Each structure stands twice: as structure tokens, then as C-alpha cells.
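Read the structure below first, then the notes.
The values are calculated or read from the model by the stated rules, or taken from the named source; none is laboratory data. These figures come from a predicted structure and were not determined experimentally. Positions of Cβ are generated from backbone atoms using ideal geometry, with glycine treated the same way; all protein chains shown enter the neighbour counts.
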Amino acid sequence: MKQTLFALALLVSVQLVSAQEKVSKEEALSYAKAASADAKQLAGTPIATDVDAQKPAAMKEGEYGGMVLPQKDLKLEAISKATETPVPVGQLWLHNLTPMKDDEAVAESKLRVATAKLDGTELSVPQCALAVRRTSAGALELLVYGKGKEPIASAPLKAIDAKQDLPIDLAAEREYESGKITIKILGKYQGTIKVTELIL
């Protein structure tokens with residue numbers, strides 16, 4: 001049975017809604033180091049990403065987890081001036097979880113599954129590129145990519161005003177058999193995607 005990996009955790013079991021806590025900076029950095037050990041794999045997302053593995057944010061619970069890595073030199077201006085062409089903002093790595101689209105789990109066949117070694121154990125984990133674009137209606141949206149050029153999930157990007165130490169931060173909440181991951185960008189924007197258990 002696979003051991004707990006990185007980051008972002010939403011327990012997928014029938015329980016009450018509850019918020020999840022982030023791991024320590026040191027633990028998050030150990031996950032980021034494992035994820036970035038293969039530079040070719042790290043940079044191989046379907047839309048070009050160049051992430052900063054020194055600024056991860058991660059959460060976990062039990063065998064479920066995830067992590068976000070921000071795009072290097074991410075600027076608010078790039079987001080506020082986004083057009084219909086996607087602007088990369090980072091990567092989302094998940095463990096035993098998959099994004100949901102239209103309340104359905106995204107199939108493994110649509111995911112970019114990467115490998116990483118942690119504590120001597122090789123893990124297979126979804127690696128998702130994150131981007132922002134402006135819709136034809138003029139609103140910003142957060143895009144989540146699997147292994148193809150089309151996003152596997154999306155969410156409205158809402159304006160916020162929050163203090164944030166990392167370029168991309170996150171919050172996670174489980175609710176029954178699914179969970180919600182809120183991705184916060186530079187303390188000024190946030191988007192929430194749904195996730196559920198991934199069975200490889």
C-alpha cells in the first residue's frame with residue numbers, strides 16, 4: 001500500500017466537513033525536493049511551467065495529500081492583464097486524489113501521472129499545471145491541466161485581499177466523499193476546485 005506523500009490533503013471518507021492543516025515548511029520542502037528531482041519531468045507539463053521548488057505549500061491527511069509550487073517570478077500584473085491565452089501560475093501535485101469536473105472524477109487516463117521517490121518509496125502522483133485566463137465574458141478563471149492541451153477542470157477566479165507569505169498558498173476542506181482545494185494567488189485571487197479519491 002502506498003505511503004503518504006506530499007501535500008494537499010482532503011480525506012475521502014464519509015465524515016463531517018472539516019478544514020485541513022498545512023504541513024511544516026521543512027516537510028513541504030522535502031516533498032518539493034522529491035517532486036523536482038527529475039527536471040525534465042518537472043518541466044514537462046502540457047502548458048509550459050517553470051516553478052519555484054523553494055516555495056511550496058502543502059497539506060496532507062492520512063494517505064491523501066497534495067502540494068502547490070508557484071511559477072517563478074509570478075506577478076499580479078500578468079494575472080490582471082490575462083487574455084484568453086492561458087498564463088501559467090504554477091503546479092498542483094496530488095496524492096491519491098484527482099480533480100473533479102461536473103461533479104465527476106477526472107479519469108486516470110486524462111491525468112499526467114509523475115513519479116517521485118520519498119523516503120525510498122517510489123510514488124505515482126498526478127502533476128497538474130495551473131493557469132489563469134480571461135473568458136469571453138471578461139471574467140478570470142483558474143485552469144487545471146492533466147496530460148493534454150485542454151484543461152481537465154476550471155473554477156472562477158475571485159478577487160480577495162489577504163496577507164500571504166507564499167506566491168501560491170492553499171486551503172483544503174473535506175466534505176463527505178469529496179473535498180475542496182482553494183488555491184490562493186499572491187493574496188489577491190483565489191479559485192476553488194473539487195477533488196475526490198483517485199484509484200490507480
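Points worth noting:
- Selection count, segment 85-103, where residues are among the β-branched types (Val, Ile, Thr) and either touching a Phe, Trp or Tyr at 6+ places or on another chain (Cβ under 8 Å) or free of Cβ contacts under 8 Å to residues at least 40 places away in the same chain (or both): 0
- Positions within segment 126-147 being under 30 Å from Gly62 (Cβ atoms) and out of contact with any strand residue (DSSP E or B) (no Cβ under 6 Å at 6 or more places or on another chain), in sequence order: Lys147
- Only listed residue being crowded, with 22+ Cβ neighbours inside 10 Å and at pLDDT 95 or above, chosen from Ile160, Ile183: Ile183
- Only residues that are in a helix (DSSP H, G or I), of a type in the set (A, V, I, L, M, F, W, C) and under 19 Å from His95 (Cβ atoms) were counted in segment 37-67, giving 1.
- Cβ pairs under 8 Å, 6+ apart, first in segment 70-84 and farther than 18 Å from Ser136 by Cβ and touching a residue at least 40 places away in the same chain (Cβ under 8 Å), second surrounded by 15 or more Cβ atoms within 10 Å (Cβ to Cβ) and polar (S, T, N, Q): Gln71/Thr49
- When each of Val113, Val106, Val144, Val125 is tested for being out of contact with any helix residue (DSSP H, G or I) (no Cβ under 9 Å at 6 or more places or on another chain) and in contact (Cβ under 8 Å) with a residue 60 or more places away in the chain, the lone residue that passes is Val113.
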